[in-house]
1. Can you name the residue in region B:52-64 that is more than 10 Å from chain A (Cβ to nearest Cβ) and part of a loop (DSSP other than H, G, I, E, B) and, of all such residues, is modelled with the lowest pLDDT?
2. Looking at (1) at pLDDT below 90; (2) surrounded by fewer than 22 Cβ atoms within 10 Å (Cβ to Cβ); (3) away from chain A (no Cβ under 14 Å), find the lone condition where B:Arg82 falls short.
3. Scanning for something out of contact with any Ser or Thr (no Cβ under 9 Å at 6 or more places or on another chain), hydroxyl-bearing (Ser, Thr, Tyr) and surrounded by 15 or more Cβ atoms within 10 Å (Cβ to Cβ), does region B:12-25 turn up at least one residue?
4. Taking the conditions exactly as written (assigned to a helix (DSSP H, G or I), under 18 Å from A:Lys299 (Cα atoms) and under 21 Å from the mean Cα position of the chain (by Cα)), does B:Arg112 satisfy them or not?
5. In region A:100-138, how many residues are among the aliphatic types (A, V, I, L, M) and more than 20 Å from A:Met75 (Cα to Cα)?
6. Can you pull out the residues in region A:498-519 that are in contact (Cβ under 8 Å) with a residue 40 or more places away in the chain, among the hydrophobic types (A, V, I, L, M, F, W, C) and either assigned to a helix (DSSP H, G or I) or more than 12 Å from A:Leu374 (Cβ to Cβ) (or both)?
7. Is there a residue in region A:77-95 that is assigned by TED's automatic domain parsing to the domain that holds A:Thr166, over 23 Å from the mean Cα position of the chain (by Cα), acidic (Asp, Glu) and surrounded by fewer than 22 Cβ atoms within 10 Å (Cβ to Cβ)?
Amino acid sequence: MNKTWKLVRTIVKMQFSLAGKSTSEQIGYAFLFIFAIPFSIFIFYAIDGIVGGLYNILEPAGNESFILGLLFISMFVVLILVSVGSILSSFYFAEDIESFLSLPYHPFQIMLGKSAVPFITLYVTNAAVLAPGLIVFGMHSGSGVLYYIYALILWTVTPVLPFVLTAIIVMYGMRFLNLSKNKDRMKIFAGLFTFIFIIGINIVLRMNNSSTDAGEDLACLIEEQNGLLNTITTFFPTAYLHSITLTDPVSARGFLFLVLSLIIIACAFVLYLTAGQKLYFKGVLGLSGGSKKKFDEEKITKKIKQSNVLFISWVREMRTIFRTPTFFTQIIVQSLVFPVLFIVVILFDSNGGDFSISSLGSMVEEIEPKRFILAMTGFTVFALGINPASISSISRDGKSWFNHLYMPIKAETVIMSKVWAAFCINLLTLLVIGAVAFIFANIPIGIGVIWFGMSLIINWITSVAGTTLDLYTPNLQWTDEREVFKGRLIGILALIIEVVVFGSIILFLWNVDWLEGLWMTSSILTAAFILLSFVCHLILKKVIRTHYYSIHQ
Amino acid sequence: MIDIQQVTKEFSGKTAVKNLSLTVEDGKIFGFLGPNGAGKSTTIKMITGILPIEQGKITINGFDITEHPLEAKKRIGYVPDRSDVFLRLKGIEYLNFIADVYDVPTDIRKKRIEYYAKSFGIYESLNDHILTYSHGMRQKIVISGVLLHEPEVWILDEPLTGLDPKSSYTLKEMMREHANKGNIVFFSTHVLEVVEQLCDEVAIINNGHIEFLGNMSEMKQQFQEDDNLEKVFLELTQNE
């Protein structure tokens, strides 16, 4: 047991250690923490609205235990969804997995070690949703100290069951999958799954107007369908036990159900260890083995042809992005999040809100062309500013950055190939937004063409600016590709700089009276952007001179 | 010719290489030896332009690596000690990329890719991603890439590590052949037998200083005739 504990501690220490992390990364974490405070206040009030709404309706009929039942069931589902990706990633896809296999440990011990980090991260979700839910319920029901003690115990053990069940199912599934062939593809599917999950959650939230209404709607639903809810709790026995424990904490029944809950969880944990011992290694061994494909000489010969160095470097960048699962999900999928959310906002704002199809259509007709083009430009800046392709241009190369240095390629060529890659990926975002704007918002062709032309310049500027920032402060010392994006301040910094610079131009033009009409506004905007792009190039050139050869030292 | 004059390199206050000078003439295989952390890789990285030089000067066939980096680099073929090159590319894509960088025409690159890839036994793996290659295969693809443009100066940082005996033999033969044509092979290694077997000249570096520079017979003369290279190496680097 002592050896297992040491392994768990070492793995957790390696994952959360700040050693080797740059100051900017550390500041990034500090900022994330600071941003989390207002966010958690917002969540608390949202949950208060839902739980409060439900409580007012259910309490008179003595049905308030359903709130807790619902809370624990939804928590169970959410924790399972969150666990899938992190278990797959930690158990099977982590680069360090092979170094543990050779150590004299039982499979269940290594599995426990690899479980530690994904399990700990579940507590973030647990703290964000369940903790305020339980506190709010306690406040509304006016419960005593015993409620809060039981709530704390149940809160602590809640992630165990969903995690353990997910891990057993994943290990069982991986036992039969030929992972060595599909490792990368699996990672991409996991990324896409998260993307669809985010969009799905957004659609569900969009369908309701306010959290209080949502609470009341849900309460009506439960009153109507009591039978159905009871059936659901039979599938989640612990949710039933937890709810009864907390609605009636002072009774013997409450205590008994608490003990019963803990016994079930302990049994599940033992089952988990047994499953790990029997299944874990079967899925993980042979993970790094290559697959033998049929050799096609003609295919090889066809690929051998001379190309321009800038073009072939751009091709290399694009291939790396598309073929590296983390880059694919963080860059390509991420760049689609904003435009797809945009579509969701337009299509699902069914109540005729500011962004519904009908109001957008009338807005196009009502608003003066100058302000319309300025607003669209601002929107484009925001959509492109949060794109991670450019701000990871240099960092993506990691420790192999030095390969650019001994080859006879000009520094400018290498950097421009990266700028072009970011530009082309951002183009995807622009095309989706453009298509939506044309199809749903009936934007006149003339305005559309001007907007697209201007967006191309903005795209170029953001690509150059992001690459410059990444060259100025890159993260090349990563061991896992996720570190290129995780906890770095550069994304927020790029967005702030771009919003401030473009925002000032847009705000200035918005307020000057002498500027009127579509053509004049767009001409001045274009001129300003071309000047801005020139300035960005000058800065990039300077940063290449000062940083290109020294960043890897 | 590789000409290194009074080169110094510091890393955050610690001197990695101090006032290092040496010249490698055409037609020679030059062995660069030293214990771990002695300054071998730092020197090689300065010769290839990966690390900027703080003091001193390095020229490759007359081109200063700082003043005319592109011209100097075109003359070099470098095999790094880590073969983590563009792992997401397929073998053939990597070789094609390298050939484009060094302006190798299509018809010539076709012949050379086939020749080198077959010599190292990786031809049938060219359509696979480098990520799926073993350490030895990665080493072989990098070496094949380096040889594609037939550079005048080969700089190899521990090139034999991870190679199977057949590929190791092939590479050593190629090194000899290359030097015999009047070119330079500059390589670092820990395998002393290879140095005895291959090198025309040797330098031993320790704590950033050259401890010995000369040919093999001079080295043996300077020390006791009956000593083997291992003993000489240990004696020279014992103050580590």
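The values are calculated or read from the model by the stated rules, or taken from the named source; none is laboratory data. Note that the structure is predicted; figures quoted are calculated from it, not measured. Don't worry about glycine lacking a Cβ; one is built from the backbone with ideal geometry, like all the others, and counts go over all protein chains shown.
1. Per the stated criteria, the residue is B:Glu54.
2. (3)
3. No; the residues of region B:12-25 include none that is out of contact with any Ser or Thr (no Cβ under 9 Å at 6 or more places or on another chain), hydroxyl-bearing (Ser, Thr, Tyr) and surrounded by 15 or more Cβ atoms within 10 Å (Cβ to Cβ).
4. In short, yes.
5. Total satisfying the criteria: 5.
6. A:Val499, A:Phe502, A:Ile506, A:Leu509, A:Trp510, A:Leu518
7. no
Residue-wise test of (1) acidic (Asp, Glu); (2) more than 14 Å from chain B (Cβ to nearest Cβ).
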| position | (1), (2) |
| --- | --- |
| A:Trp460 | no, yes |
| A:Tyr472 | no, yes |
| A:Arg482 | no, yes |
| A:Phe508 | no, yes |
| A:Asp513 | yes, yes |
| A:Glu516 | yes, yes |
| A:Leu538 | no, yes |
| A:Thr546 | no, no |
| A:Tyr549 | no, no |
